[in-house]
Amino acid sequence: IQRAAETALGDRRGAVVALDVNTGEVLAIASRPGFDPNWFAGRLSHDRWQQLNGPDKPLLDRARTAYPPGSTFKIVTAIAGMQSGRFPSGTILSTAASLTYGGTRFGEHGGSGYGAIGYAKALAVSSNTFFYQVGFGVGPEAIARWGHALGIGHPAARLGLPGGANGQIPTPADKKQRYGSPWYIGDTISSAIGQGLVLATPVELATMAVSYTHLRAHETVL
């Protein structure tokens with residue numbers, strides 16, 4: 001599996017993380033572009049030093065670097081909605097080309113609505129307006145709480161590996177403390193679809209998927 005992950009990435013920038021869905025065991029972690037560790041066995045040449053510090057950043061472990069997770073994060077918002085009791089598993093919401101919050105229009109993924117849909121369809125088509133409504137309804141604290149419970153921003157998601165970073169799912173209090181800025185409606189809307197201040201590592205997202213699967217095994221969430 002490790003060889004397949006590295007071969008699939010080739011020389012492209014990116015990362016692959018594969019975990020056993022039953023146990024959470026690490027099956028593969030790959031980050032590309034990479035480098036030959038044997039280079040450090042002796043004196044580094046100028047060319048290799050330049051390559052290591054070039055724009056491709058081969059020393060960067062992309063599997064454990066935090067990025068805006070985007071629509072992969074909608075799983076967190078779905079769980080937060082269901083567990084809040086406000087948006088149970090059978091919830092059907094109307095979607096549209098855009099929704100307006102606080103005088104600002106926030107668009108749909110793909111540019112048009114998908115009609116009245118539930119969680120399964122909303123995840124399948126990656127509907128922004130569906131998850132805007134869920135995220136706005138439950139609030140940023142619930143999104144953060146369930147994101148942490150699923151492994152994002154939690155040290156346990158490092159899987160015992162040294163180094164790396166944690167993601168973040170800020171609440172209004174966190175934003176005030178870290179950035180000295182107030183929380184806006186747009187922050188909640190952006191957080192609901194994994195944008196704005198939300199960050200996650202590929203390792204955390206793989207952990208999230210495994211945790212979500214275990215939650216589904218014990219409860220009917222879709």
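Values as computed for the structure displayed
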item	result
Which numbered condition GLY103 misses (of (1) under 19 Å from ALA120 (Cα atoms); (2) open to solvent by 50 Å² or more (accessible area, probe 1.4 Å))	(1)
Condition check for ALA165: open to solvent by less than 30 Å² (accessible area, probe 1.4 Å) and aliphatic (A, V, I, L, M)	no
Residues that are assigned to a helix (DSSP H, G or I) and modelled with pLDDT of 90 or more, drawn from the stretch 143-173	ILE143, ALA144, ARG145, TRP146, GLY147, HIS148, ALA149, PRO172, ALA173
Residue list for the stretch 22-56, filter: touching a residue at least 12 places away in the same chain (Cβ under 8 Å) and within 20 Å of VAL203 (Cα to Cα)	GLY24, VAL26, LEU27, ALA28, ILE29, ALA30, SER31, ARG32, PRO33, GLY34
Output for the stretch 193-211, where each listed residue is among the hydroxyl-bearing types (Ser, Thr, Tyr) and not in a loop (DSSP other than H, G, I, E, B)	THR207, SER211
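Residues checked against (1) crowded, with 19+ Cβ neighbours inside 10 Å; (2) of a type in the set (Ser, Thr, Tyr); (3) assigned to a strand (DSSP E or B); (4) at positive phi:
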position	(1), (2), (3), (4)
ALA124	no, no, no, no
GLU141	no, no, no, no
LYS175	no, no, no, no
TRP183	no, no, no, no
ILE189	yes, no, no, no
THR213	no, yes, no, no
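The values are calculated or read from the model by the stated rules, or taken from the named source; none is laboratory data. Since the model is a prediction, treat every value here as computed from it, not as a measurement. Neighbour counts run over all protein chains shown; Cβ positions are idealised from the backbone, glycine included. The area values use the complete protein model at the heavy-atom level, side chains included, leaving out ligands, DNA and RNA. Shrake-Rupley method; radii C 1.70, N 1.55, O 1.52, S 1.80 Å.
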